[in-house]
Structure formats: C-alpha cells, structure tokens
1. 7 Å from Cα along Cα→Cβ at both Arg18 and Asp157: what's the point-to-point distance in nm?
2. Give the shape of the stretch 36-160 as rounded, prolate or oblate, defined through the alpha-carbon gyration tensor: a ≥ b ≥ c are the square roots of its eigenvalues, a/c under 1.5 means rounded, and otherwise the shape is prolate if a/b is larger than b/c and oblate if not.
3. Around Ala210, under 14 Å between beta carbons, what's the net of Lys plus Arg minus Asp minus Glu among the other residues?
4. What do you get for Rg/Rh of the stretch 22-95 when both radii come from the Cα atoms and Rh is the Kirkwood radius?
5. If each residue's Cβ is checked for other Cβ atoms within 10 Å, how do Arg116, Arg184, Arg145 rank with the fewest at the top?
6. When a/c reaches 1.5 or more, the comparison of a/b and b/c decides; with that in mind, is the stretch 72-135 rounded, prolate or oblate per its Cα gyration tensor?
7. Counting other beta carbons within 10 Å of each residue's own, what order do Val115, Val92 fall into, fewest first?
Amino acid sequence: MAKFAKMPADRLAHERTRVLASQAWSLILSCLDNSEPWILDLGSGSGKHALFAPDSAHYVAYDLCELGRKFIRDRQEFVQGDVLELPFKRDVFDVAVLSHALEHFRDPSMVIRLVRRVLTVGGVLYVETPNPTYPHFWEDYSHVRPYSAYALRHLLDDNGFLTLAAGDIAYPSRAHILYRVLRRLGMESIGVAVSLHLARWFPRRCFSYACAEKTGGSTEGNGSD
C-alpha cells in the first residue's frame, strides 16, 4: 500500500496525495450524471480519497480501523466496520471506492459482489491496487496478491459490472535526495515543485485501476441480489 506518511515533508505528501486522488476523482465523476452522489469509501485508510472528494457529495468513509475517523472532513461521515459485513441497505450508493483494499482479501469475487449489493444500478465502482511491479508488495504481510489492470477488468466484468476504463497509474517518483538538498538550502517550495515535475517525467506505474458500472440483473450464485 502507499505509505504517504513516509514522505520527507507534510507539504510534499499532501501534494502527491492530491495528484493521485485527483486522477481517480476525475475519472469517477466523468462516469456519473449525479452532481450530488452518495459515495462509499471502503477501507478509507489514510484519507487519500476523503480529503479530496467533491464537496457536493454525501460521503461515507468505512474502515475497520478507528484511526480512519481523523482523516474525514466535517461534512463527511465515518463508519467503523469490516468490508465483509457491510451494514448498509442494497442500492444506496452511487459510487463505491475500493482503493488499496482488495489485495488484502483471499476471495476478491465475494468482495466485489458485496460491494455491488449496496450500489444503485448504473452506480460506479472504482478499484485501485498495487500491481505486480510494485516493489514493496510482499513487505506487508497482510497482502494476498497484486492485480494487473487486465485482472481487475475481468474480475469486475465477471461479477456484475461493465468496465468503463482500466489501466496503470503514474505514481509520483519521490526524488528524495534532490528534495532534501533543496530543503536544507531553504528552498523547500522549489523542492516540492521539482519533485512533482520529475514525477510527471519519470513516473513509476506500480498501481493499477479499473472503473466500472453496475449492470442490472443478478450475479449468479452470489446470494446478494
């Protein structure tokens, strides 16, 4: 998973998080007609998506860890719980975000079907995971498997969704050494700008994503529709 807290400065971490989150939100919102959607962020974690979610949204952050509560804004709601035991009624949310969570489950199809149940027909599911090129994947003992964009697309299509877009994410290169030098010289703002430019020129594509729409009808054998 992305460990944003390990960045050398809060400002740089914030900027890089914003870049990654804005890419996801631009894609999600382009697939929606609703200007005030109900959004469920599953495994909301360090708040990457909560911090930069659209202000007009009805936003629910859902995480097993109570720590996730501190990352939400005043107009957002936090619910503590397990993804495998969603307490929400069916057909409630217009958007579900499953970012850096799916790789922790042994049965991804079951997770996708559980999420599908709480989405409206035509609702959008955005999934983001480390892919097989992510260099530190196995350092997290709770990781089960990485997913390529190809795998995510077929996982969603096989479980009641129509994939609208899938691919790899340009994860910002950290450029730690150059940033630290500029920071010591009292030029932190320049260091941030240079680091983000380097990220655009020399990105690492170690995360994959898929964005899909819930189709009508039931998914065979899942017992959730």
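Throughout, read-outs are computed from the coordinates displayed, never taken from laboratory work. If you're wondering where the values come from, they're calculated on a predicted model, not measured in any experiment. Backbone-built Cβ (ideal geometry, glycine too); neighbour counts: all protein chains shown.
1. 3.7 nm
2. oblate
3. Values: positive: Arg116, Arg153, Lys214; negative: Glu103, Glu128, Asp157, Asp158, Asp168, Glu213.
Taking every Cβ under 14 Å from that of Ala210, the sum is -3.
4. Numbers: Rg = 11.9 Å, Rh = 12.6 Å.
Result for the stretch 22-95 is an Rg/Rh of 0.94.
5. Ordered from fewest to most neighbouring Cβ atoms within 10 Å, Arg116, Arg184, Arg145 come out as Arg184, Arg145, Arg116.
6. Details: a/c = 1.69, a/b = 1.36, b/c = 1.25.
Prolate, because a/c is 1.5 or more and a/b exceeds b/c.
7. Least to most surrounded, the residues fall as Val92, Val115.
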